[in-house]
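Written out below as C-alpha cells is the structure these notes cover.
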Amino acid sequence: MNITRLLTETYIRMITEDAGIEDAAADVHAAWMARPGNAKNDRNAHQHVPYEKLPEVEKEKDREHIRIVGRLFAENPRGEDESETEHHERIANMFGSIAHEKFRDSLPHHERFDKDGKPVIRDRGVRGNVNLPWDELNDAAKADNLEAGRAAVAAHRKHMN
C-alpha cells in the first residue's frame, strides 16, 4: 500500500474519532486572538470570546485549520535531511499558501482591482498585492497566514498525536 495513502487514511480516521480536534481548534483560536493584527475592535469583537462561546461557523474555521495541517503532515513527511523545526515551518508555509489562495478565490473581481484596473494593495496596513501568488508576496504580506499556519502546526502537534 502507498505510504501517503495509508497516512492519509489514518489521519482521516483520527479526525473523525479524536476529540482532540476541539482542543487543537481552541488553541488555534487563542493564537488568533493573541496576534497583534487581530486586536479586538468593532469589526471582530464577536470573535474575541473563548472558543466554547464561538458560533459553530467560527469554530469550524478553526477546526479546518487543524484538518488542513493534518493532511499536509500526512502528505508531506519530514525529509531525511530536515529537522523537525524545518519540517514544521515547511508545513506552516504550505498552510499559508493554501490560506492565501482561499482568500484570493473568495474576493470578487472588483475587490482585486481598482476602477483603473490596477491591483488592490492591502493587508491590514501591510503593502501587499492580493493578486500575487504566495511565493511572490513579500514577507510582511505573508506574515498573518504564516502565523496562522504556525499556530495550527503547534496545536496539531500538541493535541492530535
Report summary line: Note: residue 34 to residue 102 extended length (0.36 nm per residue) minus current alpha-carbon separation gives 22.2 nm
Query raised in the report: How much of residue 64 can a 1.4 Å solvent probe reach, expressed as accessible area in Å² and rounded to 10?
Result: 50
Report summary line: Carbon plus sulfur, as percent of the 1.4 Å-probe accessible area of region 22-97, comes to 51
Query raised in the report: How far apart, in nm, are the 7 Å Cα→Cβ label points at residue 75 and residue 158?
Result: 2.6
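The values are calculated or read from the model by the stated rules, or taken from the named source; none is laboratory data. Just so you know, these numbers come straight off a predicted model, no measurement behind them. Glycine gets a Cβ as well: all are built from the backbone with ideal geometry, and neighbour counts include every protein chain shown. Surface accessibility is based on the protein's heavy atoms, side chains included, excluding ligands, DNA and RNA. Shrake-Rupley method; radii C 1.70, N 1.55, O 1.52, S 1.80 Å.
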